[in-house]
Every structure is written in C-alpha cells, then in structure tokens.
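The block underneath contains the structure these notes are about, expressed in structure tokens.
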Amino acid sequence: MDAAHMGADLEKVLITEDEIRARLQELAAEIWAEYDGKDLLLVGVLKGAVMVMADLSRALPGTAPMDWMAVSSYGSGTKSSGVVRILKDLDTDITGKHVLIVEDIVDSGLTLSWIKSNLESRNPASVEICTLLRKPEAAKVEIDVKWVGFDIPNEFVVGYGLDYAEQYRNLRDVGTLAPHVYS
Ligand code: XMP
Ligand code: MG
C-alpha cells in the first residue's frame, strides 16, 4: 500500500507524531525520576508497543534493559476476553527487578490486567504500567496505570504501532479509520 493510500484510509488524525514525541519526552522524565538508581526492566508487549518502546526508551536520560512478551487473547473476534495465552515469554528472570510494562493502548484493560498479575507472581520488586493511549469509556476492570500518554474516545484507532489486520502500524500519527476501509 502506498503512502498516499495509507493516509487516505484515515478518517481523522487524533494525535500527531509531534504530540506523541512531546508527551513521551514528559513521561520519560517522570519515569526516570522514579527509577533512577533502581534495577529497571522495560517490558514491551508485542507487537503494538514496538513504536512506544522505541521512542520512550530513547527519551530516557539513562539506559535500561528491555525485554518483550507476546500474548494472544482467547475468545471471539476483535473483543478481548481476558483469557490470555503467552506466545512469547520474557527472556529475563524478573525476580527483584522493577518492571515497567510498556503498552500501546489500554482498552478494556483485561489483557494488561492479566499480564500484570502474571508478572507480579514472579516476585519482582515492583510492576507498573506505562501506556501511550487509554480508552476510559471502555474499561471493564480496574487497573492501576501509573503513566498514560493520552486518554482517547472509545473508537478503534490505528497507527504508531496499532494495526487493523496488521496494516497501518507504521503510520506516524494515531487516527481513526475511514468507514470504507472496513467494507
Ligand atoms: P484490552 O481490551 O484487553 O485490549 O485492554 C487488548 C489489546 O487490544 C488491542 N486494541 C486495539 N488495537 N486499535 C488497535 O489497533 C484499537 O483501538 C485497540 N483497542 C484495543 C491492543 O492490541 C490491546 O493491547
Ligand atoms: Mg497491544
């Protein structure tokens, strides 16, 4: 798909590349203030969090290791069921480490809530969450997310790591899809 086509598939841009960069810079400073001097491990959730991890980690004023998990939600279609299967586990033993989960989006919260409990059962020093996006109206479980980039309306969004049928992850902005894309 060429660039003009990809842009035309967007209905509206919700958050621009520049806004994302500026917000991640703020979050990185806050996060570093919390973890400086601690044994921090960044944990990205594949594949959506790839862009957030790349930009957030490079905005940190110091270095921290990163690791990755891949999970899939059991259940019907596009809705998260909360029953999660690990497709790729961490390479790292997180015992005693301060884990920061880096996510693209918290929608119902079911997936992240499962991941957080799973990691907490491995005796880390702490587990916190940083997400670029959150849909407050879609929340189905209470989940304590310490760092949120942007709260957005309850609409399906793509770009900056987020996909529709694996497309659009490489869009630089975050936006909603035009209806013609679905039909
Ligand atoms: P939950 O509902 O468990 O969300 O918080 C789990 C995963 O669903 C994906 N998700 C989205 N992906 N646009 C996307 O491209 C969206 O608007 C959207 N909402 C949820 C995402 O992978 C998230 O981690
Ligand atoms: Mg995700």
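Side notes on the structure shown:
- Cα point-scatterer Debye curve for segment 1-73, base-10 log of I(q)/I(0) at q = 0.11, 0.13, 0.18, 0.22 Å⁻¹: -0.39, -0.52, -0.84, -1.03
- Electrostatic tally near PRO179: other residues with Cβ closer than 14 Å to its Cβ, Lys and Arg +1, Asp and Glu -1, net -2.
- Cα gyration tensor shape of segment 101-156, rounded if a/c is under 1.5, else prolate or oblate by comparing a/b with b/c: prolate
- Whole-number D in µm²/s for the chain (Stokes-Einstein; Kirkwood sum over Cα pairs; 10 °C, 1.306 mPa s): 94
- Note on LYS12: lysines with a C-alpha under 22 Å away, same-chain residues under 8 apart excluded, are LYS135.
- Solution diffusion estimate, µm²/s, Stokes-Einstein, segment 89-183, Kirkwood Rh from C-alpha pairs, 37 °C, viscosity 0.692 mPa s: 224
All of the numbers you see were taken from the coordinates with simple rules; none came from a lab. Because the structure is predicted, anything quoted here is derived from the model rather than measured. So basically every Cβ, Gly included, is an ideal-geometry build from the backbone, and we count neighbours across all protein chains shown.
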